[in-house]
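Here the structure is laid out as structure tokens; the discussion comes afterwards.
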Amino acid sequence: MAQKITDVSKRRPTSLFFSSLHIPSPCPFKKLIDNWLDNGRIDDLSRQTLYDYSDKLSRFWWWWNIHTKYAETIGLHPQHVTDKHLKLFAAYLREPLETRWGVPVVTGREQMSPATVASYGRTIKAFFNWLEREQHIPKSPFNKSVKFSTHKKDKVIKSVSADNLTKIFAVLTSPESLRTYAGTRDLAIVSLLLDSGMRRGELLSLEISDLDIRNLRCTIRGKTGQRYAYFSEKCKGVLLDYLKFRLEVDGEGPLWLTVDGEGLAENSFGSIIHRLEIKTGVDFHAHQLRHTFALMMSSKVSVFELMDMMGHSNISTTMIYVKNSPERIGEAHRGNSPLNTLENNIPGLKHRGRPRRFR
């Protein structure tokens, strides 16, 4: 394992997709994207968030410049983008394709999930809102007719069942796994995700200095700014086991490293989850651990406490988990039932046991 990590925390994270593109110089579209990312870095957005922004905007730029050739026929400046173009891009994202972003898809025919399409819309809308605010364009092309998301009345929250969690941790805590650096790291990652409810990007942006082992918490910088994420004594023990390996490399820098001593990136993290899926036979992804945390916590804490734990900026987002937790509603009803409340005052309502024929 490498003994020294190069500190790249001050650099602007650049999408690998962006770096592979041939971009005309000078390109005002690319320059404004870079300016927006620099502005996000000044606002202390996490490296993972900036990387995600860079990746999505680079793909929009590819669609505008290479796929549709609008750059040649309409112009290289984002001021030429209209609501019609945004609708066409959203349609491109939703369409099942054998080739996307100029390369064949691995599965043979790919269709993006509604959540992924919606995330593209949020990123591009934020970029154009900034362009309008900074007077780089007269007006954002986004309006009510531009829809990247499809609103459904009942959102199904996918979590990891207790049985599947048992299978996952059985593999992670096996003796052969815990004898290795990668094994202790993977156990610490999954444990912290489940125990704190933090987002994948928040986890990957953690530095060693963000850990506060004594107070069972860590400082994370997420979509809604900086906050604390808390973990349990059990998770503390797992983290300490991992730190015995991690601190042999370096006492500062990224919390999570590859076996080669490099900071753990999105693709390496994805490989960890994929290997776990193969070994356990459980089909899951990292964000489902966050859902699982929220659903388990929703029956034990108030919706406002859960909102703070999840780092939500809008309570309506938190309410999704409350609505999907019948256990919470059942417990609340049992503790506040009107008839139970009246029982002491009305003798006829006192519990008398089950009728004989049902015993």
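Right, ASP241: touching a strand residue (DSSP E or B) at 6+ places or on another chain (Cβ under 7 Å) and surrounded by fewer than 21 Cβ atoms within 10 Å (Cβ to Cβ) or not? The answer is no for ASP241.
Taking VAL171, is it in a helix (DSSP H, G or I), touching a Lys or Arg at 6+ places or on another chain (Cβ under 6 Å) and not assigned by TED's automatic domain parsing to the domain that holds THR123? Answer is yes for this residue.
Of all residues in region 185-218, those being closer than 24 Å to SER298 by Cβ and either in contact with a helix residue (DSSP H, G or I) (Cβ under 7 Å, 6 or more places away or on another chain) or in contact (Cβ under 8 Å) with a residue 60 or more places away in the chain (or both) number 17.
Taking the listed residues THR219, THR258, the one that is surrounded by fewer than 16 Cβ atoms within 10 Å (Cβ to Cβ) and under 20 Å from GLN48 (Cα atoms) is THR219, with no other qualifying. Here is the figure for region 304-323: residues that are over 24 Å from THR219 (Cβ atoms) and touching a Lys or Arg at 6+ places or on another chain (Cβ under 9 Å) total 3.
Of all residues in region 288-315, those that are without any contact (Cβ under 8 Å) to a residue 24 or more places away in the chain have Cβ atoms under 7 Å from Cβ atoms of residues that are of a type in the set (Ser, Thr, Tyr) and crowded, with 16+ Cβ neighbours inside 10 Å, 6 or more apart or on another chain, in VAL303/THR318; LEU306/SER298; LEU306/THR318; LEU306/TYR321; MET307/THR318. Of all residues in region 246-269, those being outside any loop (DSSP other than H, G, I, E, B) and modelled with pLDDT under 90 number 2. Test SER232 against the criterion of being surrounded by 19 or more Cβ atoms within 10 Å (Cβ to Cβ) and touching a helix residue (DSSP H, G or I) at 6+ places or on another chain (Cβ under 9 Å), and give yes or no. For SER232, the condition - surrounded by 19 or more Cβ atoms within 10 Å (Cβ to Cβ) and touching a helix residue (DSSP H, G or I) at 6+ places or on another chain (Cβ under 9 Å) - is not met. The selection criterion, being in a helix (DSSP H, G or I), outside the structural domain of LEU240 (by TED's automatic domain parsing) and at pLDDT below 95, holds for VAL117. Only one of the numbered conditions (1) in a loop (DSSP other than H, G, I, E, B); (2) surrounded by 16 or more Cβ atoms within 10 Å (Cβ to Cβ) is not met by MET296, and that is (1). Search region 60-100 for residues being crowded, with 17+ Cβ neighbours inside 10 Å and touching a residue at least 60 places away in the same chain (Cβ under 8 Å), and hand back the single one that is nearest to PHE128 (Cα to Cα). Among residues in region 60-100 that are crowded, with 17+ Cβ neighbours inside 10 Å and touching a residue at least 60 places away in the same chain (Cβ under 8 Å), the one nearest to PHE128 (Cα to Cα) is VAL81. Report yes if SER113 is surrounded by 18 or more Cβ atoms within 10 Å (Cβ to Cβ) and either in contact with a Lys or Arg (Cβ under 7 Å, 6 or more places away or on another chain) or of a type in the set (Ser, Thr, Tyr) (or both), otherwise no. No. The one condition from (1) in a helix (DSSP H, G or I); (2) more than 26 Å from the chain's Cα centre (by Cα); (3) closer than 19 Å to LEU32 by Cα that ILE124 does not meet is (2).
In summary, GLY183 fulfils each of the numbered conditions (1) crowded, with 21+ Cβ neighbours inside 10 Å; (2) in a helix (DSSP H, G or I) with the single exception of condition (1).
The values are calculated or read from the model by the stated rules, or taken from the named source; none is laboratory data. Worth saying up front: this structure is predicted, and the values here are computed from it rather than measured. In this analysis, Cβ positions are derived from the backbone assuming ideal geometry, glycine residues included, and neighbour counts consider all displayed protein chains.
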